[in-house]
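*Asks:* Got a structure for you, questions after.
Bear in mind these aren't lab numbers, they're just calculated from the coordinates by the rules spelled out. Only a predicted model underlies this, so the values are computations on that prediction, with no experimental measurement involved. Cβ placement follows ideal geometry from the backbone for every residue including glycine, while neighbour counts extend to all protein chains displayed.
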Amino acid sequence: MISSGGPSVTLGAMSQAQVTITRRGLERVRGGHLWVYRSDVRDAEGVEGGSVVRLRDERGRSAGRALYSSRSEIALRLLTTRDEAIDREWWRARLRAAAARRAGLEKDAGAYRLVYSEGDLLPSLIVDRYGDVLVVQTLSQGTDALKGLFTELLVEEFAPRAIVERNDVRVRGLEGLPLQTGVLHGEEPGELEVSQHGVRFRVAPLGGQKTGAFLDQRENHLAARRYAKGRALDCFTFNGGFALSIAGVCESVAGLDISSEAVAASRRNAELNGAANVQFREANVFDALHELEQAGERFDTIVLDPPAFAKNRASVPAAARGYKEINLRALKMLRPGGHLVTCTCSYHMTEPLFLEVVAAAASDAHRRVQLVERRVQAQDHPVLLGVPETLYLKCVVARALE
Ligand SMILES: C[S@@+](CC[C@H](N)C(=O)[O-])C[C@H]1O[C@@H](n2cnc3c(N)ncnc32)[C@H](O)[C@@H]1O
C-alpha cells in the first residue's frame, strides 16, 4: 500500500537513455501523432523497455521525450516534443490538467474517464473514476513501470478511497506484460453505486467488462433519450445503460444481452431505478432479431450497440456483414417515424464506412432513412487530432420515414 506520506517510488526508469528515430518517424510525430513504430527506430541499443527516453533525430537533434517499449510494434509513445525533464511534477501536472478538463462533470456523472491515454497526452494510461474509487490501466511497458508513481500521485491529488488496476486487457500481451487485476491502494472496493444523468447503476470495478461500465456511451445514453418513444428494443444492453436511460420516455423497453451476468446486473439496475416497464432477457441478438422479425414485431426505438466486430483491418469485410445484418433487421422492424440508434466501437470501422453499411441495410430493408445525428464517444474520452486511433466509437441516430 502506498500512502501520500509514504516513501516515493523511484523514478529510476527515467534514465538519460537516448533513442534515435528516422526522418519518417520524426515526420510522424511532427504531424501530430504520438507513436513511433519500431521500423522507425534507428538506434535503441541497450535501452531498457519501460524507460523514459530522450528522442533524437538522425542528426542528433532533440525531438522530445517518450516512453520506450522493447516488445511492442509501437516502440515509442511521445510524451513531449520539448527537451524537458519528465519527473514526478511533470506527471502530476499532466494528471491535474486532465482532471481540470473534466471540472464540473460530477454533477451529471458519478462515473467518468479521468484520464484517456493518448487523448489526454498521457499515452497508454487510463484512469476511470467511479465515485471515490479509481480504476487504472497501464497499457505499455512505460506506464506499467510507473504504476507505483501514478498510484502515489492519484492518492495525493484525488484522495480516493481505493485504487484498483484492471490490467486484464489483451493489448498488454503485445507489450509482454502479464494480465492482472488487484488493489493498488485502500481496501477492495466491492460493488458501488453511481448515478449517470439521473439513472442509478451498480458497478463492480474489479468485475464486469471494461473497467466496470461502458463510460464511453454515457452521453449517447442521454442523446437516445431525446429521440426514444413508444415500444423500444435495446440490443447488446450490458448493464442496461441505454434501456434504463430511455425507460422514462418509453411505454416499454426490452433489453437483450448474451451474457447471463449482464442480464442479472441489468435486472438489479432496473429494480434500483423502479423501472417497471423494462424487461431484460438473455439472448443472442442475431437470433433474437430474426425471431422478432419473423413474429412481425414492431418497435418505435431500436438501439444497437454490439461489441467491436472488427478487431483489425483484415476483419473489416466480415465485420461489415455483421453490422449490416443487425441494422437491416432492426430497420425492417422500425415503425415509420421511429428511431434507430446504431453504434460501432471498432476503430477500423470508420464513420464513412459505417454510414455506407447502414445505408445498404436501409436499401435492402426498402426503407427511406434520415440521418439525424452523428455522434462519437463521450467528451471524457477526448479525440486527439493527428492520432486517429483515439476516435473509435461512432453512434448514428437515424429516423425511418416510411
Ligand atoms: C459494447 S457492449 C454494450 C454496452 C451497453 N450498450 C452500454 O451502453 O453500456 C456489448 C455487449 O454485447 C454483448 N454481446 C456480445 N455478443 C452478443 C450477441 N451475439 N448477442 C447479444 N449480446 C452480445 C456483450 O455481453 C456486451 O454486454
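*Asks:* Run the paramagnetic zone check for Gln16: 7 angstrom along Cα to Cβ, then residues of segment 45-65 with backbone nitrogen under 13 Å.
*Replies:* What the label zone holds, given the 13 Å backbone N cut-off, is 54.
*Asks:* Related question: Just to be sure I understand: with springs between alpha-carbon atoms less than 10 Å apart, which residue in Ile258, Ile163, Ile246 has the highest mean-square fluctuation in the Gaussian network model of the chain?
*Replies:* Sorting by GNM fluctuation, first place goes to Ile258.
*Asks:* Rank Asp144, Asp287, Asp305 by mean-square fluctuation in a GNM of the chain with C-alpha springs under 10 angstrom and give only the top-ranked residue.
*Replies:* Asp287
*Asks:* Next question, about the same structure. Give, rounded to the nearest 20 debye, the magnitude of the charge dipole that segment 214-400 has about its Cα centre when Lys and Arg contribute +1 at Cβ and Asp and Glu contribute -1 at Cβ. Before the final figure, lay out each step's value.
*Replies:* Values: 22 positive and 21 negative charges, 102 e Å.
Here the size comes out at about 480 debye.
*Asks:* Compute the orientation-averaged projected area for the chain from the convex hull of its Cα atoms and round it to one decimal in nm². Intermediate results must be reported in sequence, preceding the final value.
*Replies:* Details: hull surface 77.9 nm².
Mean shadow area of the hull around the Cα atoms is 19.5 nm².
*Asks:* Over all alpha-carbon pairs of segment 188-233, lay out the pair-distance distribution in 5 Å bins, whole %, shortest bin first.
*Replies:* 5, 18, 24, 22, 16, 10, 5, 1, 0
*Asks:* Taking a 32 Å limit on the Cα-Cα distance, which of the listed pairs Lys147/Lys324; Lys107/Lys324; Lys107/Lys147 fall beyond it?
*Replies:* Numbers: Lys147/Lys324 42 Å; Lys107/Lys324 38 Å; Lys107/Lys147 29 Å.
The pairs that break the limit, which is 32 Å between Cα atoms, are Lys147/Lys324; Lys107/Lys324.
*Asks:* Provide the convex hull volume over Cα atoms per residue for segment 18-80, in Å³. Provide the component values of the computation, followed by the final result.
*Replies:* Details: hull volume 4.1 nm³, N = 63.
Spread over its residues, the Cα hull of segment 18-80 gives 65 Å³ apiece.
*Asks:* How large is log10 of I(q)/I(0) for segment 88-192 at q = 0.14 Å⁻¹ when the intensity is taken from the Debye formula with one equal scatterer per alpha-carbon?
*Replies:* Log10 of I(q)/I(0), two decimals: -0.51.
*Asks:* Could you give the nm distance between label points at Glu293 and Glu191, where each point is 7 Å from its Cα heading toward the beta carbon?
*Replies:* 3.6
*Asks:* I need to check one value: relative contact order of segment 171-295, counting alpha carbon pairs closer than 8 Å and at least 6 residues apart, in percent. Mind showing how you got there, number by number?
*Replies:* Details: 179 pairs, mean separation 22.9, N = 125.
Over segment 171-295, the number comes to 18 percent.
*Asks:* So, one more: What residue among Ser51, Ser266, Ser315 shows peak mean-square fluctuation when the chain is described by a Gaussian network model with Cα springs under 10 Å?
*Replies:* Its mean-square fluctuation being the largest, the pick is Ser315.
*Asks:* Given points 7 Å out from each Cα along the Cα-Cβ axis, report the Arg368 to Glu351 separation in nanometres with one decimal.
*Replies:* The modelled label-to-label distance comes out at 2.6 nm.
*Asks:* Among Thr344, Thr151, which comes first, then next, by fewest other beta-carbon atoms within 10 Å? Show your work: numbers first, answer last.
*Replies:* On the way: Thr344 29, Thr151 20.
Lowest count first: Thr151, Thr344.
*Asks:* How much length is gained if the chain between Lys311 and Glu261 is pulled fully straight, taking 0.36 nm per residue apart and subtracting their Cα-Cα distance, in nm to one decimal? Show your work: numbers first, answer last.
*Replies:* Working: separation 50, 0.36 × 50 = 18.00 nm, distance 2.36 nm.
The span from Lys311 to Glu261 would gain 15.6 nm if fully extended.
*Asks:* Evaluate E = 1/(1 + (r/R0)^6) for Thr181 and Asp132, where r is the Cβ-Cβ distance and R0 equals 25 Å; express this FRET efficiency to the nearest 0.05. Before the final figure, lay out each step's value.
*Replies:* Numbers: r = 19 Å, r/R0 = 0.76.
Efficiency, rounded to the nearest 0.05: 0.85.
*Asks:* Roughly how many nanometres apart are two label points built 7 Å out from the Cα toward the Cβ at Ala204 and Arg96?
*Replies:* A separation of 3.8 nm, rounded to one decimal place.
*Asks:* While we're looking at this one, here's another question. Remind me, relative contact order of segment 88-192 in percent, using alpha carbon pairs under 8 angstrom and six or more residues apart?
*Replies:* Numbers: 151 pairs, mean separation 19.8, N = 105.
Reported relative contact order: 19 percent.
*Asks:* Another question, if that's okay. In Å and from the alpha-carbon atoms only, list the Rg and Dmax of segment 214-400.
*Replies:* Rg and Dmax of segment 214-400, Cα atoms, are 15.5, 48 Å.
*Asks:* List the residues whose amide H sits under 5 Å from the amide H of Gly64, counting only those 5 or more places along or on another chain, with H placed 1.01 Å from N in the peptide plane.
*Replies:* Correct list: Leu55.
*Asks:* Related question: Cut-off is 10 Å between beta-carbons; in what order do Arg24, Arg218, Arg101 appear when sorted fewest neighbours first?
*Replies:* Numbers: Arg24 11, Arg218 26, Arg101 14.
Ascending Cβ contact count within 10 Å gives the list Arg24, Arg101, Arg218.
*Asks:* For the modelled label position 7 Å from the Cα of Thr81 along Cα-to-Cβ, which residues of segment 33-58 have backbone nitrogen atoms closer than 14 Å?
*Replies:* 33-35, 57, by backbone N distance to the label point.
*Asks:* While we're on this one: Can you tell me which lysines have their Cα less than 23 Å from the Cα of Lys229? Leave out same-chain residues fewer than eight positions away.
*Replies:* Straight-line reach from Lys229, under 23 Å: Lys332, Lys394.
*Asks:* Going Cα to Cα from Lys311, which aspartates and glutamates come in below 13 Å? Please leave out same-chain ones fewer than 8 positions away.
*Replies:* Candidates past the 8-residue exclusion: Glu389.
*Asks:* Which whole-percent values make up P(r) of segment 268-363 when all C-alpha to C-alpha distances are grouped in 10 Å steps starting at zero?
*Replies:* So the P(r) values, bin by bin, are 15, 42, 31, 12, 1.
*Asks:* Something else now. Suppose a student asked you for the relative contact order of the chain, using Cα pairs under 8 Å spaced at least 6 residues apart; what percent would you report? Intermediate results must be reported in sequence, preceding the final value.
*Replies:* Values: 872 pairs, mean separation 46.5, N = 402.
12 percent.
*Asks:* On the first, second and third principal axes, largest extent first, how far apart are the outermost C-alpha atoms of segment 53-118 in Å?
*Replies:* For segment 53-118, the Cα spread along each principal axis is 51, 25, 17 Å.
*Asks:* Okay, moving on. Along its principal axes, what span do the Cα atoms of segment 318-377 show, with the longest given first and each in whole Å?
*Replies:* Principal axes ranked by extent give 31, 24, 14 Å for the Cα atoms.
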